[in-house]
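Worksheet: one structure, shown below.
Just so it is clear, none of the values below were taken in a lab; they were calculated from the coordinates. On a predicted model such as this, the values are computed, not experimentally measured, just so you know. All Cβ positions, glycine included, derive from the backbone under ideal geometry; neighbour counts span all protein chains shown.
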Amino acid sequence: MSDAVLQVRELVKHYPVRRGLLRRSVAAVKAVDGVSLTLERGRTLGLVGESGSGKSTLARVLVGIETPTSGQVLVDGEDVSTLSRAGRKQLRRDVQMVFQDPYTSLNPRMSVGEIVGEPFAIHGIDPAGGRRAAVGELLELVGLDPDHTSRYPHQFSGGQRQRIGIARALALRPKVLVCDEPVSALDVSVQGQVINLLEDLQEELGLSYLFVAHDLGVVRHIAHDVAVMYLGRIVEQGPEQPVYDTARHPYTQALLSAVPVPDPAVRATAGAAAQPGGLVLEGDPPSPVDPPSGCPFHTRCWLAPTLPEARSDAPGSRPVPTVCATETPALVPHGDAATHVAACHFARELAAPGVES
Amino acid sequence: MSAASRMRSAAEGEGRGTRHSPGAERSEGEPKAQPLLEVTDLVVEFRTSDGVVRAVDGLSYRVEAGRTLAIVGESGSGKSVSSLAVMGLLPPTARVTRGSAQLAGTDLLALRPRQHRAYRGERVAMVFQDALAALNPVHTVGYQLTEALRARRGLSRADARTRAIELLDLVKVPNAKARVKEYPHQFSGGMRQRVMIASALAMDPEVLIADEPTTALDVTVQAQVLHLLAEIQAERRMGLVLITHDLGVVAGVADDVTVMYAGSAVEQAPVGPIYAAPAHPYTRALLRSIPSTAGADRGTRRRLPVIPGRPPSPAARPSGCPFHPRCDVAQDLCRTAVPPLTSPAPARLSACHFAADVLANRPPRAAERRDDRPQAAETPTTPPFDEQVPGGDHE
Amino acid sequence: MSDAVNAAPTAPRVSASNPLAEAWRTLRRRPDTVIAAAVLLFFAVMAAFPGLFTSTSPRTCPIREARTTPQGWGGDHPLGTDALGCDVLATLVHGVRPSLLLAVVVVGVSLLIGVTLGLLAGFYLGWVDYLVSRTVEVFLVIPLLLAALLVLSLFKGVDLGAGTFNVILLPAVVLILFGWMPYARYVRASTLEAKNLDYVTAARSLGASDLRVMVRHVLPNAIGTVTALLPTSVAGVISAEAVLSFLGIGVRPPATSWGIQIEQGSQWVLGGAPHILLAPLACLVATVLALVVLGDALRDALDPRLAA
């Protein structure tokens, strides 16, 4: 194994659903249900999935806002959960977060100087040259005017606010930045600026990113490796190129084909309007309180009913192979790269590139 | 000069003979289709503490039966405000100060609020981005679908129920019979947006305005909803106005495109040509800045081409061409003169002084066409204002 | 994507200076604020130096001069006399100090208790919230008068002295005991809202302590709703005190207060002497309105988003 800066092992996060007078826990929202990941130093791991896939919960566990139900989080090889309180606080400095919404992630009553300088205040750090100078340097690093420390967040545009958020996350010189949809709230023309900034910072500071996003185009651009989540589990993972070009999981393929391509020619060749590639999934993702048995995707899978093994349990129900409904598929290598893994019983059926348009 | 007259003079004055309306992508000789909705020279102003602000500045477009017009723009471009004006749903601080919106011979903008209401829903309906906020949590979905029908058409309870089920079937909500009795919170995001579409369709409108209808949805669900919209539109020959910021969505469903920037249309054209060869630097830059899933930049991670700076606030628009501070081909002329919508090619309109050059993808040769300018301006001035300083004051 | 509707008012501004100086500039630009400040200053001076406003003692009450109508400036009784013949102006002037002091003490202490409990309850939830919420409900259910009687019997025969502060001690205790609940409820509700905001999460992800998160991030953005409550609470306290004085635990005679005056005056509104009521009532209304205006202005001035 090479240089892993952040490792996640069998991470589980369940939220109890409480009911009744005694607030007894009657069920659990299985937000993250056994996820293992490795983020290597200086690289970017893209984490994609739809709402409810657990990608944001995972991000929050990693920065310590939520405590995991079980599993391990290792920062530089050290298990966070076994550390003392002080040790955790120290370690927490190594993993910082960039938030999605630049309008709500900055306290409107604090000046930019206070916001960016708050990490120093919290950890009682006095950087060489004083906090003021350090804040100015951070602002400069993210491309803002260091003289603007006394301004308030509302005086900045969305893109600038996101830069302030990044400066705050960088104050403690973290090793890992967890970016939770950092550009999805920004205008298209501003998104690129922030993405380029993140890439520059990575190069300059040797940062590692866990980049959580639903925009597959942005993830392809910035990420070295990609993990696809569905209902709290990783269904496919691997280097960016094989995952996008030769996706092995039917969900990944559906996700890729659902991304609107900014090219009207694609529509023309595909025939039906709004249906390029032809993989439109039925229905919505199921609730993580009661995920389907077996493969969590089998209730929406477009591949399963087309397989010769497919059979219908009850008249009228979707025909799927029995194994999909009963056994949870493991992440096993498929395709050329050993690091490219997918959790599908029938991934072999997908060996032929079906998505490349 | 108003935008509409600009448009006209552009089309005629350039001596190209025929008038090119955006979306006139049909065979020669076919009689010109009567537009369902024609917005001309719309100006909407807001009263704010900083004075009067123009959110929409001379916007014109037309929607024809069975066609989809996409209005694309970033925040502050006025794309939503313009449709709220057509719907008569502007907030009290806003006023339409000029322009018309002709719907089958009636100018919607000249109507009094009471009369306008009669058109709303019946002839023009609107679907909003946030379906959860647009539905009332304390009434059943069935009740909300048919509220207007019962009030305006006097449907009985039983008839209304039947109609509600029909509508839910129409938007492919499974098990419609049972679901009419449920409340909005029992529906998922995608299903709620379907309900919204169903309620907009309740009175069989001729024009449907959809304001970012899929922005809040996941991609797989977005694909379903877009598919549904396209299907229903084709079936009913409805005019559809799709307001969005997502050029991917536009490419998938639109017939015609209007690109808005800082309150006015900067480019109008049928969807194919506009993606193949944009005639405005803004459209071109926007298209370039989208990271693709197809991996055109595979292998080496190239920097994403970006538009420097940020969209201007409606309260502080740059002089001349509003895009000039961010434009990669801006010339001296752009700082002072507002470019009219001109037609650099058949069926194309672009509000750029150098539209023809941009269309041909060659560097602008200043002045020539704007006859009265001296030869000196021929050498392009370098660089465009905004050096690529990330952020700073320009953004 | 928001559009011009939202985007319009956020034009970037260049001015950047000390927020207090900016707050003061904002205050000055609003004439209603200046008037409100003047009104409050006027009553404050009156409380500090009653001798400046009247030379008559509120305790000389010749019964034969009872219910004299107002005589205007220059007369013996500019605002007339009350049912017992006491000078209305003198009573009014000497009643300012206990009335305002009581209001400030009661509202201040209730606010402190309410905000602290509400913040803790909303932030930690669980058993803390359970305890606070149930306590709030219990106190809301017990009738004020019943509790007042209880306190009265507890303090029966205890000599509290005659200083201004001693005079208001009993009503203050009773009113605080039954006045903190609304603050706790409001603060709890807005804490619940504020604590899930991204910037609060951001502070926690940086490793900020609970106290820091509460004081720096949650409270400043949760307190807004409560400040709107304050001016009317002041009025509430002043009139509630009048009720308490009926029971003998209000401001004790010979000291006097606006509450007592209003209570007494209300009996003569239809009896041909409305001035006994109107004079103190006008003062109370003026004070409350001034506080409302000033409170609004202060809130706007301290909010960087509104400071223009």
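For C:Thr81, what is the net charge nearby, where nearby means another residue's Cβ is under 12 Å from its Cβ and Lys, Arg count +1, Asp, Glu -1?
So the environment of C:Thr81 carries a net charge of -2.
Share of antiparallel DSSP beta bridges in chain A, in percent to the nearest 5?
65 percent
Which residue, C:Ala208, C:Ala36, C:Ala172, tops the fluctuation ranking in a GNM of chain C built on C-alpha contacts under 10 Å?
Largest GNM mean-square fluctuation: C:Ala208.
Let me test this: with uniform point scatterers at the alpha carbons of chain A, what is the Debye-based log₁₀ I(q)/I(0) at q = 0.11 1/Å?
Values, matching the q order: -0.81.
Would you mind ranking A:Thr44, C:Thr56, C:Thr232 by Cβ crowding within 10 Å, fewest neighbours first?
C:Thr232, C:Thr56, A:Thr44
Over the protein assembly as shown, what per residue volume does the convex hull of the Cα atoms give, in whole Å³?
Value for the protein assembly as shown: 237 Å³ per residue.
Compute the acute angle (0 to 90°) between the alpha-carbon long axis of helix C:181-194 and the principal axis of greatest extent of the alpha-carbon atoms of chain C; round to the nearest 10°.
Approximately 20 degrees, to the nearest ten.
Please identify, among A:Ala86, A:Ala134, A:Ala31, the residue showing maximal mean-square fluctuation in a Gaussian network model of chain A using a 10 angstrom Cα cutoff.
So, out of A:Ala86, A:Ala134, A:Ala31, the one fluctuating most is A:Ala86.
Indicate, rounded to the nearest 5 percent, the antiparallel portion of the DSSP beta bridges found entirely in the protein assembly as shown.
60 percent
Chain C: longest stretch without exposed trypsin sites (Lys or Arg not before Pro) (DSSP loop, at most 15 other Cβ within 10 Å), sites themselves excluded?
The segment C:157-304 is the longest one with no such site.
Separation of the range C:43-103 and the range C:229-302 by C-alpha centroid, Å?
15 Å
In whole Hz, with x marking every Gly and Pro, tabulate ³J(HN,Hα) for the range C:49-66 from phi via Karplus 6.51 cos²θ - 1.76 cosθ + 1.60, θ = phi - 60°.
Per residue, the Karplus-derived 3J(HN,Hα) values read 10, x, x, 5, 9, 8, 9, 6, 7, x, 9, 8, 10, x, 5, 6, 8, 4 Hz.
Specify the angular offset, from 0 to 90 degrees and rounded to the nearest 10, of the alpha carbon long axis of helix A:158-170 from the longest principal axis of the alpha carbons in chain A.
80 degrees
Estimate the FRET efficiency between C:Leu84 and C:Ala286 by the formula 1/(1 + (r/R0)^6), using the beta-carbon distance for r and 25 Å for R0, to the nearest 0.05.
The computed FRET efficiency comes out at 0.50.
Which angle from 0 to 90°, rounded to the nearest 10, does the C-alpha axis of helix C:19-28 make with the longest principal axis of chain C?
The angle comes out near 50 degrees.
Considering just Cα atoms, how many Å³ per residue does the convex hull of the range A:108-231 enclose?
126 Å³
Just subtract the alpha-carbon distance of C:Ala147 and C:Thr225 from 0.36 nm times their residue separation and send over the number in nm, one decimal.
Computed gain between C:Ala147 and C:Thr225 is 25.3 nm.
Over chain A, what is the relative contact order in percent, taking alpha-carbon pairs closer than 8 angstrom and at least six residues apart?
Over chain A, the number comes to 18 percent.
Chain A: longest stretch without exposed trypsin sites (Lys or Arg not before Pro) (DSSP loop, at most 15 other Cβ within 10 Å), sites themselves excluded?
Longest gap between qualifying sites, sites excluded: A:42-357.
Pick from A:Gly129, A:Gly77, A:Gly113: which is most flexible by mean-square fluctuation in a GNM of chain A where alpha carbon atoms under 10 Å apart are linked?
Among A:Gly129, A:Gly77, A:Gly113, the largest GNM mean-square fluctuation belongs to A:Gly129.
Number of Lys pairs in the range A:4-230 with C-alpha atoms less than 15 angstrom apart, excluding same-chain neighbours closer than eight positions?
Taking the range A:4-230 as the scope, the lysine pair count is 4.
Once phi is turned into ³J(HN,Hα) by the Karplus curve 6.51 cos²θ - 1.76 cosθ + 1.60 with θ = phi - 60°, what whole-Hz value does each residue of the range B:140-151 show in order, with x for glycine and proline?
Whole-Hz 3J(HN,Hα) from phi for the range B:140-151: 5, 4, x, 4, 5, 5, 10, 3, 5, 4, 5, 5.
What is the local net charge at B:Thr258, summed over the other residues whose Cβ is closer than 11 Å to its Cβ (Lys, Arg +1; Asp, Glu -1)?
Within the 11 Å Cβ shell, the charges total 0.
Between C:Thr232 and A:Leu205, what's the calculated FRET efficiency when r is the beta-carbon distance and R0 is 60 Å? Round to 0.05.
Computed FRET efficiency for C:Thr232 and A:Leu205: 0.65.
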